[in-house]
Structures are given as C-alpha cells and as structure tokens.
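Below you'll find the structure, written out as structure tokens, and then a few comments.
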Ligand SMILES: NC(=O)c1ccc[n+]([C@@H]2O[C@H](COP(=O)([O-])OP(=O)(O)OC[C@H]3O[C@@H](n4cnc5c(N)ncnc54)[C@H](O)[C@@H]3O)[C@@H](O)[C@H]2O)c1
Ligand SMILES: [Zn+2]
C-alpha cells in the first residue's frame, strides 16, 4: 500500500473514507479495525465479481472474517426491487445477524443497492463501501444515500444510511472502460465548478491519470463538507445537483441510453450558458466548462428540443409542487441555489441550447 489519505465524515454516524492504492488486498485488516471478525457478505455485480471478489474474500478471510458472496448482473437495470429482494433472502439464508457486516464492492449501482439492503435487513446492519468506479469513489460511496429504481423512475425508493467505512483503492479504477471513467470525470468536474477553481483546473486539462488520488481525495473532502452541513438534503446538499436537472432530463429523453455522467456533462454546460445569458455568471465561466468537457471527451450539447427536455424535467423527483431549485454558477468555484417557478425552467433550457 502506498501513502493513504483518510477523511473523517462527521455525519450522524461518523465514518472514515480511506483512499490510496493497494487497499483491496488489505481490506480485511482495515475492516477489522472497525468491526470484530464476523460473517461478511460481499455484495457485488457480475463484472466486478470476476475482477476483484476473490481478492477481497481472501483478504477478509485472512483477517478472520467468514465470507459469503451475492452477485447480480451488472448494470442499472439490476438496481430494482427484485434484486433487493434476492439480496435480502440471500442474507437471511446465510443467517446473517445484526452483528455481521455487508461489504458493497462495485460502482454506484452496487453501493446504492447493497446500502439499501444493509439499511433494511434486520432494521439495519453495518456495511462497508468499496467503490470501484470513479463516480462511486467521488460521489455515491460517500454521503449515505441509498436507493433502488422503481418502474416509475430512478432512485424512487431508498433511505439515508451511512457506511461504517469506505475503502477506495484507486488501483481498481485501472480496469474501467474509458467511457465509464469519463462519467466519473463529469462528477469530479462538478465539484470543481461548485467549490474549487484549482481542482477544476487540474481536471479541465483532461490529464487526470497522474493526479487521480489527490483529485478523488479533494472531491471526497468537498462532499464531506456538504454532507456535514446538510446530511439529509434539505438545503446546501442541493448544490450537488449542479448540472443534474437538465442532465436527468437528457437521460430520461434518451430512455437511459445516455449515461448519467454524459447527461450531467451536457447539463452543466447548458445551465452555465443560461447563467451567462442571464448575466448571472462571469463571462468566461461557460466557455471554460465547455473547453474542460471537450478535453475530458465529454459532450456539451444535446439534440433534444427545449420542449422535450422541459417535459422530462417536470417529472424530476427534486421538484417541489410549483417550484424547482436550480444550481447556477457565478464563477468557476462558486455556485448558488435559486428557487424558480417551474414554468420558468423552459427559459433556462432555451438559453442553454
Ligand atoms: N448514492 C449516491 O449518492 C449516488 C450518487 C451518484 C450516483 N448514484 C448512483 O450510482 C449509479 C451509477 O454508478 P456507476 O456509474 O458507478 O455505475 P455502475 O455501478 O453500473 O458501474 C458502471 C459499470 O462499470 C462496471 N465496473 C465497476 N467497477 C469496475 C472496474 N473497476 N473495472 C471495470 N468495470 C467496472 C460495472 O460492472 C458496470 O457495468 C446510479 O445508479 C446512480 O443513481 C448514487
Ligand atoms: Zn450525479
């Protein structure tokens, strides 16, 4: 293991996020620091299982844990109530008790589903997040949001439930296909636009590989700050939706063939262009975001019409009855929340197109 960074998240159930290279093979020891050896159920997907489950199981067994493994087919389509039910039945069949532990090994889909299973199995058992995508490392593994999708929409059932530990082995990101890696880059760029011009500059160059650990650590630290201020998403945490209102609409219009990261990339560019047109943001903010997206091989435009996007955005779960809260950039490194009547959203979308 090389030098590790530890970030303490001081939420209602505090936990450490440990970031570095080579952690996977020492995961057992790290988990034993927070939990006496017990039964450990690894929950993962079919792709990650092939790549990393054996190493994790070996490391856990070496530290005295008794392991079992539940895996499901990789992909968002599995993040549903049937997989959740199978996972819960699996835990019960293995006679997991409240003193045992679940280990979520994978991307955001695994983390969200396993986290939800941990929250509801026996009314809550401990779980550890081991993110293996960039998106999960910088975003979904930290902050305690868990969820599954319903037929009516994404993430419609879930709860807040923090892990007891997050172990991010940056080495596991080496096997990510470029497209999935760049989905995570879009979320990392989001933290730069929201809070940190220097971080934005690093990612905007499009050459994140050498700086991967420090970029992930900075993103996690920024998410920590937001989560500590507003763990249950009633105020400041909404800032993390920068680019997401239009981004979600794009994902929805495409029938989810356009990935979340790509939707968010276009959403950030569009809302920044709208902010520029309305005289809200500094003149170079939108062009800098667009240039960064180009460098990171992410899109900044969509073929959907403003009307299509508006209609899709009306279904957004973050909408309150007659209003919607937008996240608007003032400059790179500073954004703010603005509540607008839902009808006004079309103006922003038109200005962004
Ligand atoms: N809880 C939160 O706060 C939060 C935040 C953002 C996103 N999310 C959720 O996260 C999900 C998206 O996460 P994601 O982008 O990680 O998707 P994902 O978990 O589906 O992973 C993407 C693909 O990469 C594969 N993969 C994972 N790790 C790999 C590795 N190291 N090498 C090779 N392939 C690997 C997976 O098998 C999958 O096919 C969505 O469901 C979204 O709703 C949750
Ligand atoms: Zn996102």
Residue that is touching a helix residue (DSSP H, G or I) at 6+ places or on another chain (Cβ under 6 Å) and more than 13 Å from ligand 1 (Cβ to nearest atom), where the choices are 207, 202 = 202
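Let's see how each residue does on (1) within 16 Å of ligand 2 (Cβ to nearest atom); (2) assigned by TED's automatic domain parsing to the domain that holds residue 10; (3) within 28 Å of residue 11 (Cα to Cα):
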residue: 71; (1), (2), (3): no, yes, no
residue: 100; (1), (2), (3): no, yes, yes
residue: 130; (1), (2), (3): no, yes, yes
residue: 137; (1), (2), (3): yes, yes, yes
residue: 148; (1), (2), (3): no, yes, yes
residue: 152; (1), (2), (3): no, yes, no
ask   = Which residues, counting only those in the stretch 312-337, are closer than 23 Å to residue 151 by Cβ and either part of a strand (DSSP E or B) or touching a residue at least 60 places away in the same chain (Cβ under 8 Å) (or both)?
value = 312, 313, 315, 316, 317, 318
key: Residue that is nearest to residue 104 (Cα to Cα), among those in the stretch 50-60 that are within 22 Å of the chain's Cα centre (by Cα) and surrounded by fewer than 22 Cβ atoms within 10 Å (Cβ to Cβ)   = 53
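State all residues of the stretch 154-167 that are surrounded by fewer than 21 Cβ atoms within 10 Å (Cβ to Cβ) and away from ligand 2 (no atom under 13 Å from the Cβ); if no residue qualifies, say none.
Going residue by residue through the stretch 154-167, those that are surrounded by fewer than 21 Cβ atoms within 10 Å (Cβ to Cβ) are 154-161, 164.
Answer for the stretch 154-167, where residues must be surrounded by fewer than 21 Cβ atoms within 10 Å (Cβ to Cβ) and away from ligand 2 (no atom under 13 Å from the Cβ): 156, 157, 158, 159, 160, 161, 164.
Take the residues in the stretch 105-116 that are assigned to a helix (DSSP H, G or I) and within 12 Å of residue 42 (Cβ to Cβ); name whichever of them is nearest to ligand 2 (Cβ to nearest atom).
Initial filter on the stretch 105-116 (assigned to a helix (DSSP H, G or I)): 108-116.
If we keep only those that are within 12 Å of residue 42 (Cβ to Cβ) too, we end up with 110, 114.
Details: 110: 16, 114: 18 Å.
Filtering the stretch 105-116 for residues that are assigned to a helix (DSSP H, G or I) and within 12 Å of residue 42 (Cβ to Cβ), the one nearest to ligand 2 (Cβ to nearest atom) comes out as 110.
Please specify each residue of the stretch 223-249 satisfying the condition of being within 14 Å of ligand 2 (Cβ to nearest atom) and over 22 Å from residue 339 (Cβ atoms). Working first, answer last.
Kept after step one, since they are within 14 Å of ligand 2 (Cβ to nearest atom), are these residues of the stretch 223-249: 223, 226, 233, 237-249.
The one that is within 14 Å of ligand 2 (Cβ to nearest atom) and over 22 Å from residue 339 (Cβ atoms): 223.
Name every residue in the stretch 261-282 that is free of Cβ contacts under 8 Å to residues at least 40 places away in the same chain, touching a helix residue (DSSP H, G or I) at 6+ places or on another chain (Cβ under 7 Å) and either within 16 Å of ligand 2 (Cβ to nearest atom) or in a loop (DSSP other than H, G, I, E, B) (or both), in order of residue number. Can you show your working first?
Let us first name the residues in the stretch 261-282 that are free of Cβ contacts under 8 Å to residues at least 40 places away in the same chain, namely 263, 266-267, 276, 279.
From what's left, touching a helix residue (DSSP H, G or I) at 6+ places or on another chain (Cβ under 7 Å): 263, 266-267, 276.
Listed by number, the residues that qualify are 263, 266, 267.
Take the conditions more than 9 Å from ligand 1 (Cβ to nearest atom) and either under 28 Å from residue 336 (Cβ atoms) or modelled with pLDDT under 95 (or both) and apply them to residue 188. Does it pass?
Yes.
The values are calculated or read from the model by the stated rules, or taken from the named source; none is laboratory data. What you see is a predicted model, and the numbers here were worked out from it, not measured in a lab. Heads up, the Cβs are rebuilt from the backbone with ideal geometry, glycines too, and the neighbour counts pull from every protein chain shown.
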